[in-house]
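All remarks here apply to the structure that follows.
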Amino acid sequence: MQRHRFYAPSSSFTESSVTLDAEESRHLTRVLRLGEGARIFVFDGEGAEYECEIARVAKREVELNLLRRLDGVVESPLRLTLAQSLIKGDKFDWVIQKVTELGVTRIVPLVTDHSDIKRAEERSEQRLQRWRRISLEALKQCGRRKLVEICEPAPFDDFCGSAAQSARLIFSERGGQSLREVSAKLQDINQLSLCVASEGGWSERELLKAGDNGFTPVRLGSRILRTETAAVVAVTLAQHLFGDLR
């Protein structure tokens, strides 16, 4: 049986019920055509998920009774940040969808020297909301229960200076250590930041800046990958080595 999953912020929950907002309610009633008595699942974006029963359907909201809280671990133990240089078209949307499925914790769009889209060209708020919707839909599909933090586009230098003091890797087509070599030096880490360039790669200045801020240059084999491929490969390998894809 298909499992229908919905999102409601924790403020929408009481001890025994939860109310879906207008958008989620519209999808439930008009798209899925579910009615009172149907069973669905609702997660709060903070780690909790409940099996629910539809109790009341109104024009702009749906009220649900909480039946049981789901057990089991679905989130990776690795707090993983992907800092991805901005790229054109739907490639960035695709990256957000796939790395959400793979368990990233945070996504930082980067404005870099060779990025295809500059910050001034972005319709910032509109695009940010689109990215968050894509990530939310991916969460519903893959079974995760925590929202992915998606930040506003940031200059590369700003990200380098503010990255958490944890393991930090920058993937470069110009060489560096293999991920196997790096992983041997990173034992029992639970936090990791990955930087992936646009199709134009990193500038020499950016590589120097990253090195000065403690980023380790890493290569992904002998072939040059497209940026969206590199992002998915980097996240997958990181989850395999340090997370829950084992």
(request) Note down all Cβ pairs under 6 Å where the first residue falls in the range 221-246 and is touching a residue at least 12 places away in the same chain (Cβ under 8 Å), the second is assigned to a helix (DSSP H, G or I) and among the basic types (Lys, Arg), and they're at least six residues apart or on different chains. (result) 228/91; 232/98
(request) Run residue 197 past the list (1) modelled with pLDDT of 90 or more; (2) over 12 Å from residue 83 (Cα atoms); (3) open to solvent by less than 40 Å² (accessible area, probe 1.4 Å); (4) small (Gly, Ala, Ser) and report the number of the one that doesn't hold. (result) (2)
(request) Test residue 208 against the criterion of being under 22 Å from the mean Cα position of the chain (by Cα) and free of Cβ contacts under 8 Å to residues at least 40 places away in the same chain, and give yes or no. (result) no
(message) Just to be sure before I move on: is residue 24 touching a Lys or Arg at 6+ places or on another chain (Cβ under 6 Å), among the acidic types (Asp, Glu) and open to solvent by less than 30 Å² (accessible area, probe 1.4 Å) in the structure I sent?
(response) no
(request) Residue by residue through the range 151-181, note down the ones that are basic (Lys, Arg) and within 15 Å of residue 80 (Cα to Cα). (result) 168
(request) For residue 31, indicate whether it is open to solvent by 60 Å² or more (accessible area, probe 1.4 Å) and of a type in the set (A, V, I, L, M). (result) yes
(message) Give me the residue from the range 139-174 that is assigned to a loop (DSSP other than H, G, I, E, B) and open to solvent by 40 Å² or more (accessible area, probe 1.4 Å) and, out of that set, nearest to residue 99 (Cα to Cα).
(response) 147
(request) Among the numbered conditions (1) touching a helix residue (DSSP H, G or I) at 6+ places or on another chain (Cβ under 7 Å); (2) closer than 30 Å to residue 207 by Cβ; (3) of a type in the set (S, T, N, Q), tell me where residue 81 comes up short. (result) (1)
(message) Against the definition (open to solvent by 50 Å² or more (accessible area, probe 1.4 Å), over 28 Å from the mean Cα position of the chain (by Cα) and charged (D, E, K, R)), how does residue 68 come out, yes or no?
(response) no
(request) Please list, ordered by first then second residue, the pairs with beta carbon atoms under 6 Å, 6 or more apart or interchain, first in the range 165-185 and in contact (Cβ under 8 Å) with a residue 40 or more places away in the chain and on the phi < 0 side of the Ramachandran plot, second of a type outside the set (A, V, I, L, M, F, W, C) and open to solvent by less than 30 Å² (accessible area, probe 1.4 Å). (result) 168/193; 173/201
(message) Restricting to the range 36-60, count the residues that are touching a residue at least 40 places away in the same chain (Cβ under 8 Å) and open to solvent by 70 Å² or more (accessible area, probe 1.4 Å).
(response) 1
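The values are calculated or read from the model by the stated rules, or taken from the named source; none is laboratory data. Note that the coordinates shown come from a computational prediction; the quantities given were computed from them, not determined experimentally. With ideal geometry, Cβ positions are generated from the backbone for all residues, glycine too; neighbour counts draw on all protein chains shown. Accessible surface is based on the protein model in full, side chains and every heavy atom, while ligands, DNA and RNA are left aside. Shrake-Rupley method; radii C 1.70, N 1.55, O 1.52, S 1.80 Å.
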